[in-house]
Amino acid sequence: MNLKELRKSTRKIINEETDVFFSDDDIDFAINESYFELADATEFYEREAMIPMLKWRTYYDLSKILAPDTFLSPRRCQNVTTSKWLDPTDTREMDYHTYVQWEKTLGEPEKYFMRGNWWFGVFPKPTQDGIGIRFYYTAIPPRMMDDSDIPVDIPREFHVGIVDGALADLMGQERETQKAIQYWNSFQTTVNKLAAFVDGRTSIAEYKVL
């Protein structure tokens with residue numbers, strides 16, 4: 001379903017064909033918030049980007065590299081120079097299994113880690129500027145704005161969940177608590193089903209390997 005169809009389905013269920021109580025903008029906002037919640041809960045929206053490797057640099061600010069995407073989590077990383085996939089790690093593991101001054105180690109990156117929400121780190125750090133790291137990640141999808149916009153990367157059978165999430169929001173605004181809970185539970189059912197679907201599908205990174 002596109003945004004127009006999602007809006008129409010939502011209006012039909014709340015039995016409101018006019019914008020007396022809810023304008024199109026109100027409903028579109030609720031639909032998009034439901035869409036974003038679904039993305040956050042299941043991480044179905046996968047993207048890829050290049051992180052240029054810079055000489056002697058360990059950390060890279062993803063907020064600048066991945067803009068304007070709202071980054072959720074890393075999936076896989078590949079060193080383009082060596083064609084090798086980097087192993088995920090974290091700073092505690094590095095401190096414990098390597099040595100205190102591991103951040104000074106030079107060489108082709110073999111591992112990656114995150115510090116906070118946006119800082120991406122590599123180990124070892126490169127000795128020269130390079131093509132970089134192919135970075136696969138999940139994000140919040142773009143907002144649906146035009147009537148013809150559709151939920152990206154979600155099979156049609158899961159679109160009803162977006163409507164359920166929107167209805168939970170709108171019913172809550174009307175203080176229809178029981179109905180809001182009913183639609184929220186239906187939304188959670190879609191979350192669980194979509195999460196299982198995402199876990200079983202081939203990711204972008206896996207597809208590139210085949």
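Label zone of residue 131 (point 7 Å out along Cα→Cβ, amide N under 19 Å): in the range 79-102 this covers 79-87.
Probing with 1.4 Å while keeping every protein chain in the model, the per residue accessible area of the chain equals 58 Å². With a simple spin-label model that places each label point 7 Å from the Cα along the Cα-to-Cβ direction, the separation between residue 192 and residue 118 comes to 3.7 nm.
Gain in length, residue 83 to residue 25, computed as 0.36 nm per residue apart minus the alpha-carbon separation, to one decimal in nm? Before the final figure, lay out each step's value.
Working: separation 58, 0.36 × 58 = 20.88 nm, distance 4.69 nm.
Net length gain for the segment: 16.2 nm.
Taking the accessible area of the chain, probe 1.4 Å, and keeping the other protein chains in place, the carbon and sulfur fraction comes to 49%.
Which loop chymotrypsin sites (Phe, Trp or Tyr not before Pro) in the range 1-69, with loop taken from DSSP, have no more than 12 other Cβ atoms within 10 angstrom of their Cβ?
Values: sites: 21, 22, 29, 35, 36, 44, 45, 56, 59, 60; in loops: 21, 22, 44, 45, 56.
Of the chymotrypsin sites (Phe, Trp or Tyr not before Pro), the ones in loops of the range 1-69 whose Cβ has at most 12 other Cβ atoms within 10 Å are 21, 56.
Computed as a quarter of the hull surface, the mean projected area of the alpha carbon convex hull for the range 1-98 stands at 10.0 nm². Between the Cα long axis of helix 3-13 and the first principal axis of the chain there is an angle of about 40°, rounded to the nearest 10. Across the range 27-43, computed HN-Hα scalar couplings (Karplus, 6.51 cos²θ - 1.76 cosθ + 1.60, θ = phi - 60°) run 5, 4, 5, 5, 5, 5, 5, 5, 4, 5, 4, 5, 5, 5, 6, 10, 6 Hz from first to last residue, x flagging Gly and Pro.
For the range 1-103, which trypsin sites (Lys or Arg not before Pro) are both in a DSSP coil and crowded by at most 13 other Cβ atoms within 10 Å? Provide the component values of the computation, followed by the final result.
On the way: sites: 4, 7, 8, 11, 12, 47, 55, 57, 64, 75, 76, 84, 92; in loops: 55, 57.
Listed in order of number, the matching sites are 55, 57.
How big is the Rg/Rh ratio for the range 112-210, C-alpha atoms only, Rh by Kirkwood, two decimals? Ratio of gyration radius to Kirkwood radius: 1.13. Label-to-label distance, residue 4 versus residue 100, with points set 7 angstrom from Cα along the beta-carbon direction: 6.7 nm. Summing charges over all other residues whose Cβ lies under 12 Å from the Cβ of residue 29, with Lys and Arg as +1 and Asp and Glu as -1, gives -4.
Given contacts defined as C-alpha pairs under 8 Å and at least six residues apart, what's the relative contact order of the chain, whole-number percent? Please list the in-between numbers first.
Working: 339 pairs, mean separation 65.4, N = 210.
Reported as a whole number, the value is 31 percent.
Would you indicate which of (1) 1.10; (2) 0.93; (3) 0.98 is the value of Rg/Rh (Cα atoms, Kirkwood Rh) derived from the coordinates of this structure? The calculated read-out lines up with (1). Modelled spin labels at residue 174 and residue 110, positioned 7 Å past Cα toward Cβ, are 6.2 nm from each other. Taking chymotrypsin sites (Phe, Trp or Tyr not before Pro) across the range 61-130, the ones in a DSSP loop with at most 15 further Cβ atoms lying within 10 angstrom of their Cβ are 99, 118.
The values are calculated or read from the model by the stated rules, or taken from the named source; none is laboratory data. All figures in this text were calculated on a predicted structure; none of them were measured in a lab. Note that we place each Cβ from the backbone using ideal geometry, even for glycine, and neighbour counts take in every protein chain shown. Side chains are part of the model used for accessible areas, which takes the heavy atoms of the whole protein and leaves out ligands, DNA and RNA. Shrake-Rupley method; radii C 1.70, N 1.55, O 1.52, S 1.80 Å.
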